[in-house]
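Take a look at the structure set out below.
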Amino acid sequence: MMVSYHTQNLSPNQCGSSLVQTIDAPLPLVWSLVRRFDKPQAYKRFIKTCSMSNGNGGIGSVREIHVVSGLPAGRSTERLEALDDDSHVISFRIVGGDHRLENYRSTTTLHENAEGGRGKTVVIESYVVDVPVGSSEEDTRLFADTIIGCNLRSLARVSEKMACAS
Ligand code: A8S
């Protein structure tokens, strides 16, 4: 069931992977951050601004991201594809921008950690993206994995800080 959200059907010119992060904070708290499509800067690194160009956070909403300087990109247009408050699933697709992540689509799911008991959350984030002409699959995956890894560790830090304070 949780695996099926992260099953990837890759075309020959695509690559993808999935990353896992355990967080020492309750699922509802972590979900309250992850579900906010209109506020990715609450935990994602590298984002300078985010404004909504369509909708206000429901499925079909579109956001315009501007990233901080120093990255090989300036902006990204992203559409919310799925948001399920019962299953704790969120998925978005990149539909434009000046970067090299063409046809990027990611799915993030949250799970209560069975081993650590209540109060711990496991986050799984997977993605599929086109390998740009002239780039290798390995480089494309390394680039995306690095950004997502930073974001997931930041999500853990922010969530754990909030859990401590509450
Ligand atoms: C996310 C995931 C990624 C975001 C990438 C991979 C991006 O925002 C950054 C640099 C780029 O070159 C591409 O969940 C893009 O946000 C930080 C602008 C899309």
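The values are calculated or read from the model by the stated rules, or taken from the named source; none is laboratory data. This is a predicted model, so every value here is computed, not measured. Note: ideal-geometry Cβ built from the backbone for every residue, glycine included; neighbour counts use all protein chains shown. Areas reflect the complete protein model, heavy atoms only, side chains present, ligands, DNA and RNA absent. Shrake-Rupley method; radii C 1.70, N 1.55, O 1.52, S 1.80 Å.
What the Cα convex hull of segment 1-75 gives, in volume per residue, is 162 Å³. Ligands, DNA and RNA left out, the 1.4 Å accessible surface of the chain is 50% carbon and sulfur atoms. Counting 0.36 nm for each residue step from PHE143 to SER4 and taking away their Cα separation leaves a gain of 47.6 nm. Go ahead and collect, in residue order, the members of segment 58-80 whose backbone nitrogen is under 20 Å from a label point 7 Å along the Cα-Cβ direction of ASP98. In segment 58-80, the label zone of ASP98 (backbone N under 20 Å from the point 7 Å along Cα→Cβ) covers 63-79. On a per residue basis, the convex hull of the C-alpha atoms belonging to segment 127-166 measures out at 51 Å³. Using a probe of 1.4 angstrom and keeping all protein chains present, the accessible surface of the chain works out to 53 square angstrom per residue. Seen from every direction in turn and averaged, the convex hull around the alpha carbons of the chain projects onto 9.9 nm². Please check: in the Gaussian network model of the chain (C-alpha springs, under 10 Å), which one of ASP38, ASP145, ASP86 has the largest mean-square fluctuation. The residue with the greatest mean-square fluctuation here is ASP86. Taken about its Cα centre, the chain carries a charge dipole of about 540 debye when Lys and Arg each add +1 at the Cβ and Asp and Glu each add -1 at the Cβ. Inter-label distance, ALA163 to ASP85: 2.3 nm, where each label sits 7 Å from its Cα along the C-beta direction. For GLU102, the amide hydrogen comes within under 5 Å of the amide hydrogens of ASP130, counting only partners 5 or more places away or on other chains and with H modelled in the peptide plane.
Taking 25 °C and 0.890 mPa s as conditions, segment 81-145 diffuses translationally at an estimated 179 µm²/s according to Stokes-Einstein applied to its Kirkwood radius (Cα pairs). Note on ARG118 and ILE59: with the Förster distance fixed at 35 Å, the Cβ-Cβ geometry gives a FRET efficiency of about 0.75. Relative to the longest principal axis of the Cα atoms of the chain, the long axis of helix 137-165 makes an angle of roughly 30 degrees.
The orientation-averaged projected area of the convex hull spanned by the Cα atoms of segment 37-83 comes to 3.2 nm². Partners of LYS120 within straight-line reach, counting lysines whose Cα lies under 16 Å from its Cα and excluding those fewer than 8 residues away in the same chain: LYS161. Considering only THR22, TYR5, PRO40, the residue lying farthest towards the positive end of the dipole of segment 1-79 is PRO40, judged by Cα position with unit charges set on Cβ.
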